[in-house]
Amino acid sequence: MSSAYDQLLSLLRRYISQINAQNILARAIREVGIEKHQVSEAHLGELASKLEPSLRLFLRPAALASLQSELGSIGRPSAPLESISLAIKQEADIATARAQARDMCEKLGARRMTIQKLATVVSELARNIYMYSHGGTLEIHHAASPTSSLTVRAVDSGPGITNLDDIMKGNYKSRTGLGAGIRGTKRLCERFDIKTSPAGTTVEAEVAV
Ligand SMILES: Nc1ncnc2c1ncn2[C@@H]1O[C@H](COP(=O)(O)OP(=O)(O)OP(=O)(O)O)[C@@H](O)[C@H]1O
Ligand SMILES: [Mg+2]
């Protein structure tokens, strides 16, 4: 049996019973004019449209829409890139960024610990933009491959970090001591790069999801 067939069947089984799933899938395959073992990713679009009338009988519109969106992602090498971009100007923007980061993680089905990690990274970087520059941007990108990860990119055109070496070596004592600071944030990340100059600061931090 082809793996495309197995994937289709197991997806349908999450929405309808095994016997109904097998029956309507068998009928759709016949209508496409192929055999079960010939089902490949190339047939998924056609099969999805043949399945639709039968699925309408079993599913409410919301469930049907959700199944159709899942059908659309079978066989794709990676999910489409999801991104958000936020201006950080006022203190309230830090909470907004944090909430959006959580939201993005939840949509990806991330574990609680990962959500907490990303929310911390986002708040620390957004807070630094708010406190030490005249405002900037915070972006979060999701990449599904090579491994699933979220990259936070914090960009500002502030005065730059003059004592970055000391901060990274742990020789700098945080003034407020409110959070993890840059050094603590780095420890939460798989990758953490800072580019800073008198023209501004860019931080890229990657967290596995
Ligand atoms: N985006 C930035 N632009 C300019 N300077 C920055 C920026 N981010 C950090 N800094 C400087 O680097 C120092 C260290 O930042 P870090 O986030 O590690 O600690 P903190 O902000 O002082 O305290 P905490 O984050 O623990 O509340 C800051 O005090 C500030 O002087
Ligand atoms: Mg800070």
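The values are calculated or read from the model by the stated rules, or taken from the named source; none is laboratory data. These figures come from a predicted structure and were not determined experimentally. Quick reminder, even Gly has a Cβ in these numbers, built from the backbone with ideal geometry, and neighbours come from all protein chains shown.
The conditions are (1) without any contact (Cβ under 8 Å) to a residue 12 or more places away in the chain; (2) surrounded by 13 or more Cβ atoms within 10 Å (Cβ to Cβ); (3) among the aliphatic types (A, V, I, L, M), and I167 fails exactly one of them. Which is it?
It fails just one condition, (1).
Within segment 149-164, is there a residue that is among the polar types (S, T, N, Q), under 23 Å from R102 (Cβ atoms) and modelled with pLDDT under 95? Before the answer, list the steps.
Initial filter on segment 149-164 (among the polar types (S, T, N, Q)): 149, 151, 157, 162-163.
Subset that is under 23 Å from R102 (Cβ atoms): 149, 151.
Among the residues that remain, those that are also modelled with pLDDT under 95 are: 149.
There is at least one residue in segment 149-164 that is among the polar types (S, T, N, Q), under 23 Å from R102 (Cβ atoms) and modelled with pLDDT under 95.
Take R98 and tell me if it is basic (K, R), within 16 Å of ligand 2 (Cβ to nearest atom) and either modelled with pLDDT of 95 or more or in a helix (DSSP H, G or I) (or both). Break it down stepwise before answering.
On the way: basic (K, R): yes; within 16 Å of ligand 2 (Cβ to nearest atom): yes; either modelled with pLDDT of 95 or more or in a helix (DSSP H, G or I) (or both): yes.
Answer is yes for this residue.
All but one of (1) more than 23 Å from the chain's Cα centre (by Cα); (2) at pLDDT 90 or above; (3) within 16 Å of ligand 2 (Cβ to nearest atom) hold for Y172; state the number of the condition that does not hold.
(2)
Restricting the search to segment 139-161, which residues are touching a strand residue (DSSP E or B) at 6+ places or on another chain (Cβ under 9 Å), closer than 14 Å to E206 by Cβ and among the polar types (S, T, N, Q)?
Within segment 139-161, T147, S148, S149, T151 qualify.
Identify all residues within segment 85-95 that are touching a helix residue (DSSP H, G or I) at 6+ places or on another chain (Cβ under 6 Å) and in a helix (DSSP H, G or I); write none if there are none.
Result: I94, single match.
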